[in-house]
Ligand SMILES: [Zn+2]
């Protein structure tokens, strides 16, 4: 291979919405786009423990589309295993990673300690994938850039970010390979055309090759008004003396839910209730969200509405106290798919009582507790015990931070693109394949769903 060619390898994010990792290379350099952790069913999670498919020390640089753990969470392990280069992303992504990655390390250590205590592990001393300290080490490799700024992370590869409208700092990553004069665009996760808090994704103007997400490749969000739906649920739940619990992604949906709840209260559409945010990570993410208010739709006073009226639950003691609460209130807590975090304690308390409501607000990956509850499970296992699901379960898909296939097609059309090839990734197998068909039917583009570890010439 000479350096007038570029290759793309799919090291993750195929047939799943997690573990996004794409490697671009010519004969001299290697650039990794996203470095995500696998989440969801056990067979996927086990992949986190496999040896990275290329030696981390041979990767020259990493570029991130956004901060979510399924796109950034493997970075501490990559650094721990020999990656020496820099990690490039937008400024807000960097600030969010400063919160998310050490927390991910802490959770890894917790899991290892728990497995050791319960003797779950076949190993004598279960080791964490990486520690909080490893995560802090990885953060030293970060170098943020502004949207639309062009930089050269590796010789011959020019990179820039455009807003993707998914969460604060989220971007599409444009990579122009100078020698071959080819441009590859990675959409990352693509936001909504009409999100409550995020501006729509910016159209892409040029891509010879496009790597496109497909979380909702086979589904539409419908046209029900999420504010109306949420107002009805909260009012009904409070009316019967229950608590509304909203498991939310600490970064993104937590801030949106808080804003909507306060807005509904201000407009008198739901009763005045105490609103708690019980997730130290979501609290920090909310601070970052307010600080970067120019990057989203909410102005300073709308941010203030969240800040002034939410009771932020910091300490474990306060969290335990909140868990003992028996009068109507709204609790927003992470994680969004109920796979970990403080929301688990609330679920154990609130699930067995039909007065309460649990409201999910986004994609629930197969294998997660969130998915089980949304699918109508009678019980879920939390901390080694089965808990009956008696509370009302709702999934407000329309509050998702991902565009559905129609929104993504609309967005692609706005850019007047003519890619020679589209690779459809970041979706369950059926969703990706359906997205592939939609893209081909609408634009006539050559679209394909790559397999894990497939390598293609660009
Ligand atoms: Zn995401």
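Here, each number is a calculation from the coordinates, and none is a lab measurement. All of these numbers come straight from a predicted model, not from anything done at the bench. Backbone-built Cβ (ideal geometry, glycine too); neighbour counts: all protein chains shown.
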The chain - share of DSSP beta bridges that are antiparallel (%, nearest 5): 45
Convex hull (Cα only) mean projected area of the chain, reported in nm² to one decimal: 20.3
FRET efficiency, residue 378 to residue 304 (Cβ-Cβ, R0 56 Å, nearest 0.05): 0.85
Compactness of region 226-399 - radius of gyration and Dmax, Cα, Å: 15.0, 45
Cα-based radius of gyration of region 374-418 once divided by 2.2 N^0.38 Å, which approximates compact folds: 1.99
Segment residue 430-residue 267, extension gain: residue separation times 0.36 nm, minus the distance between their alpha carbons: 54.6 nm
The chain: calculated mean residue ellipticity at 222 nm from DSSP helix runs of at least 4, using -39500 (n - 2.57): -9500 deg cm²/dmol
Backbone N within region 240-271 under 14 Å of label point (7 Å from residue 312 Cα along the Cβ vector): 255
Bridge type composition, region 7-107 - antiparallel percent by DSSP, nearest 5: 60
Length gained when the stretch residue 149-residue 114 is fully extended (0.36 nm per residue, less Cα-Cα span): 8.1 nm
Overall Cα dimensions of region 249-324, principal axis frame, Å, largest first: 35, 28, 19
Overall form of region 70-219 per C-alpha gyration tensor (a/c, 1.5; a/b vs b/c): prolate
Burial ranking of peptide ranges 69-79, 337-347, 152-162 (average Cβ count within 10 Å, highest at the top): 69-79, 337-347, 152-162
Cα centroid of region 1-64 to Cα centroid of region 426-458, whole Å: 18
Gain in span if fully extended, residue 410 to residue 390, counting 0.36 nm per residue against the direct Cα distance: 3.2 nm
Global form of region 388-458, assessed from the alpha-carbon gyration tensor, a/c cut-off 1.5: oblate
Cα-based helix-to-principal-axis angle, 405-414 vs the chain, degrees rounded to 10: 50
Spin-label model distance (nm) - residue 297 vs residue 225, 7 Å beyond Cα toward Cβ: 1.3
Relative packing of peptides 291-297, 31-37 - highest average C-beta neighbours within 10 Å first: 31-37, 291-297
Global form of region 402-441, assessed from the alpha-carbon gyration tensor, a/c cut-off 1.5: oblate
Between helix 226-239 and the chain: long-axis angle, C-alpha atoms, 0 to 90°, nearest 10: 30
Most to least packed among 52-62, 216-226 [average Cβ atoms within 10 Å]: 52-62, 216-226
